[in-house]
Each structure stands twice: as C-alpha cells, then as structure tokens.
1. Consider all pairwise Cα distances in the chain and report the whole-number % of them above 37 Å.
2. Rank 291, 31 by accessible area, highest first, at a 1.4 Å probe radius?
3. Tally up the carbon and sulfur contribution to the accessible surface of the chain as a whole percent, 1.4 Å probe, everything protein left in place.
4. Too long at a 24 Å Cα-Cα cut-off: which of 370/459; 324/344; 246/305; 220/324; 21/454; 246/279?
5. How much net charge surrounds residue 213 when only the other residues with a Cβ under 12 Å from the Cβ of residue 213 are counted, with Lys and Arg +1 and Asp and Glu -1?
6. Per residue, what accessible area does the chain have, given a 1.4 Å probe and all protein chains present, in Å²?
7. Only sites in a loop by DSSP and with at most 13 other Cβ atoms within 10 Å count here; which trypsin sites (Lys or Arg not before Pro) in region 127-196 make the cut?
8. Using DSSP to call loops (not H, G, I, E or B), can you name the GluC sites (Glu not before Pro) in region 3-95 whose Cβ has at most 16 other Cβ atoms within 10 angstrom?
Amino acid sequence: MNEKYRMLPAVGKLLQHPTIKEWQKEYPLSKISQAAAKLIDEMRDRIAELLPEEFEQEAVLNKLKANLDNELEPNLKRVINATGVVLHTNLGRALLSEDAVNMVAQVARSYNNLELNLDTGKRGSRYSHVEELICELTGAEAALVVNNNASAVLLVLRELGSGGEVIVSRGELVEIGGSFRVSEVMKESKAQLVEVGTTNKTHLYDYEDHVTEHTKLLMKVHTSNYRIVGFTKSVESEELVSLGRKTDIPVYEDLGSGMLYDLKSIGVGDEPTVQEVVKAGVDVVSFSGDKLLGGPQAGIIVGRKKYIDRIKKNQLNRALRVDKFTVAALQATLLHYVKEEYTKIPTLRMIMGTEDSMLEKANLLAEQIKAVSNSIEVEVQPGFSQIGGGALPLEQMPTYVVALSFADTTIARAVELMREASYPIMPRVSKEQILLDVRTIADEEFSEVVISIKEIIEKTTTREV
Ligand SMILES: *Cc1c(COP(=O)(O)O)cnc(C)c1O
C-alpha cells in the first residue's frame, strides 16, 4: 500500500509536463492546477482499487484532460426529443422557427432599435415591436408582454384584484408544473380568493351569489393540464362576461396555453383560440408564449385598453419586463401567424404532421439504424404522440415509433446510456422496448440518433457482456 502512495504523482511535477503548455492555449493554468489537485485527491481516496497502470503519467494526464474537457464544456446541451411530447417542459418547451432564431442572434450580436423610434429619433417602447401584431392577431384593443404567463397572472391579479375579492370556480383552482398554484398566486397578489361551486360543477348562479361590494374580479382559469370528465358543468366565458357587464366587474381569463392557430380546424383538441375568447368579451386574457403559440418564453396579456393601461403602469410590470431576445423571437413568431406561414413554426409543424408522414419518417430512421448493426432489433410500430406543456392533456395524436430492443442490456440501462450518449436522446419507454417517436425528432437529427445508438451497442456488447 505504501508503495502505491509513493506512485501518486505530485501536482507540481505533473504541471511541468510539456503537454500542459499546449493545454494552456485552451484553459488557464490555475484551472488545470486545480483539476490536477482534485484528480490526485480522488486517486488517493480510491487507492486500494487502482491498477498499477493507472498511476502512469500518460494515464493520469489523459484522465486530467478528460476531466477538464468535461468540467469546462457547457452543461446545457442539445437533447434529441424522442418522447413524442411536442411541448416538453423538461426539454425546454417550444422550439423557435428559423426566422426567430436568426432574429435572436441578430439582436444579440448588434445594437438595435429596441427602445428607439427610428422615425422620430426619440425614445421608443420595447413593447411596440410586438403589441400591434398581438392586437391584430387576437382582435384585442391592447396588449402587454411579460416574462411568462405565471408572472402575467400575478401582475393581473395584483393590479385588478388586490385589496378585494376575486371569484374563481373550485373546478379551476389549478396547480401547474413548478408548484404554481392559482390559490397561492392569489395570496401573493394580496387578493382574497373566493372559491365557488364544487369540483365537478359550477353554475353561473354560484358566481352571482358571491358577488359583493368587495368583488374586484371574476376569474376563469383554463384547466390546462387536467380534465374533469363525467357529471360536470363549468361556466362559459360568454356567461361570465354577461355577469361581469351586469355587475360592472371585469372578467379575467387565464388561458394557459393560448392558441392563435385553430387546431380544432385540423381535428386536434377542443380549446378555444385567444381570438374566440377575446370575441366573447372577456376583459383581460393571459397566455404563454412558449406553449401552443410556439414562440419564446413569455406571458402575453391582451384585452380592453383601460385595463391593460392600468396593468402597464403597475410597478411590478417593470420587474417582469422581457428582454430583447424575447421581443425578437416573439416578433418573428407572430409574423409567421400574420403571414399564415404556420408550418414554419416548429410546434405547429410537429402537431400537424400526418400519420402517413410519420410512417415514412419512422421507416427511414429504422433503415438507418438497421444499417449500423444487426445486434439490435428494430421495428416500426404505431403509437400516439402528445402535445404536452400542460396543453390538451387528452389529445392523442396517431404517430409511428421506432421500437428498439438491445440484446445484452436492461431497458433501464439502455435508457441511461441514451442520456449519456454523444447526442443525448430522451426516448419513450414501453414494457419491453425503447420507443423513438419520430414526430419530435428532426430529419437532421437522424444521423445523430444513429451515432448515439451505435455507441450504445458498442458499450453493451463489448464491455458489459
Ligand atoms: C402554463 C400555465 C401557466 C404558466 O405559464 P408559464 O408561461 O409557464 O409561466 C399559468 N396558468 C395556466 C392555466 C397554465 O396552463
């Protein structure tokens, strides 16, 4: 054992190796030295299990380089989404269109007129670049954009509900991902929540019976991520609007996803579009930018000018303001809607993908995988994709998946190896197989999927057998 301790390299000596000079072109010496000390500490801790060759200078240097590369590469990485869940919150939700990506890159690289009116030379508003487009698309009088829909809800409640009562149906007291609860946001905004109705049924008279002189807002929340089915009743936006008009109380609807393109028209879901909700007369409507809209993370608030103007002036609005990347990406996305270029928006393109085109894609991917190894079973099967992102939870879109069975490893291990591969893959898992849903895999990613699978096959058939 003592002899093994003597074989441990000294940090100082290691750092004198000529190759370290080379590395300094890439990494600062302080970082190399820190990583070397850490590596030698680790070797000391595991000394009993180390093989003699692991003490050789070359081996130590190789390990050190690998550790440095690993530590200093960005750990926010691309992941291939093979789950078939189009809006996967863990995987970053909506993908941006090419135009949106280019706009973001452009404002990142260059100065721009974010807050400059190029006609007058005077200070402009960062929101002007998107507000008009939002109004045009939704039919609303006015619009405002904030950091995300959660902050939109907080801001609206703070301005229109604080110090008074806000009536909400018990069936709509949603909790969404990241433990965002309507009831908790209500507390944060200093509004008093008045729950009416029951879990499965709420009638208009439930709201009516609870209107008092303290009522400041009638709120409707879209039950994005769940559905109550069976013996149910909820109050339609129109009905709530009629009560709002009668009592002179504004109506606010948190739409959650916020759809601008009517998916009902292609047989997907039963959600109202933002336009429909605005048309129903709802005074204030809020929704996300990166769910069904297919843009950047943002919270969009639309509605009557008199309320939007008040919300804009709330101090909290400044704290929730969006940055130039959001403005750039949102503008590019909204322009696709104005120009009716729906398939340029990746979220919509993936949702619109037909069963036939999925079959064609799945066959292509299966062929490419089969070509690299015959030690893996590859089969194309029908399946279902989901929209995700807490939108349309019951919607099942027919798709095709490439089902893989690795010969010499468990499903759990194969899934782990998929995450660790050069191009990490998040698959769907069934009882006995790993499923790659082609709906959410871009054609350009096929070759990467193949490389990663090849790696996994090599690992499982050589080292682990
Ligand atoms: C998703 C969602 C939110 C939060 O939106 P983010 O943009 O994720 O902050 C709020 N309310 C409902 C009903 C939602 O579905």
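1. Values: 47639 of 107880 pairs.
Here the tail beyond 37 Å accounts for 44 percent of pairs.
2. On the way: 291 15, 31 45 Å².
Solvent-accessible surface, decreasing: 31, 291.
3. On the way: 11570 of 23580 Å².
Heavy-atom surface of the chain belonging to carbon and sulfur, 1.4 Å probe: 49 percent.
4. Values: 370/459 17 Å; 324/344 22 Å; 246/305 20 Å; 220/324 31 Å; 21/454 35 Å; 246/279 18 Å.
Where the Cα-Cα span goes over 24 Å, the pairs concerned are 220/324; 21/454.
5. Working: positive: 216; negative: 165, 248.
After counting each charged neighbour, the total is -1.
6. Working: 23580 Å² over 465 residues.
Roughly 51 Å² per residue, with all protein chains present.
7. Numbers: sites: 158, 170, 181, 187, 190; in loops: 190.
Of the trypsin sites (Lys or Arg not before Pro), the ones in loops of region 127-196 whose Cβ has at most 13 other Cβ atoms within 10 Å are 190.
8. Numbers: sites: 3, 22, 26, 42, 49, 53, 54, 56, 58, 71; in loops: 26, 56.
Loop-located and lightly packed - 26, 56.
The values are calculated or read from the model by the stated rules, or taken from the named source; none is laboratory data. These numbers were taken from a predicted model, which means no experiment stands behind them. Please note: Cβ atoms are built from the backbone with ideal geometry, for glycine as well, and neighbour counts cover all protein chains shown. These accessible areas exclude ligands, DNA and RNA; they are computed on the full protein's heavy atoms, side chains included. Shrake-Rupley method; radii C 1.70, N 1.55, O 1.52, S 1.80 Å.
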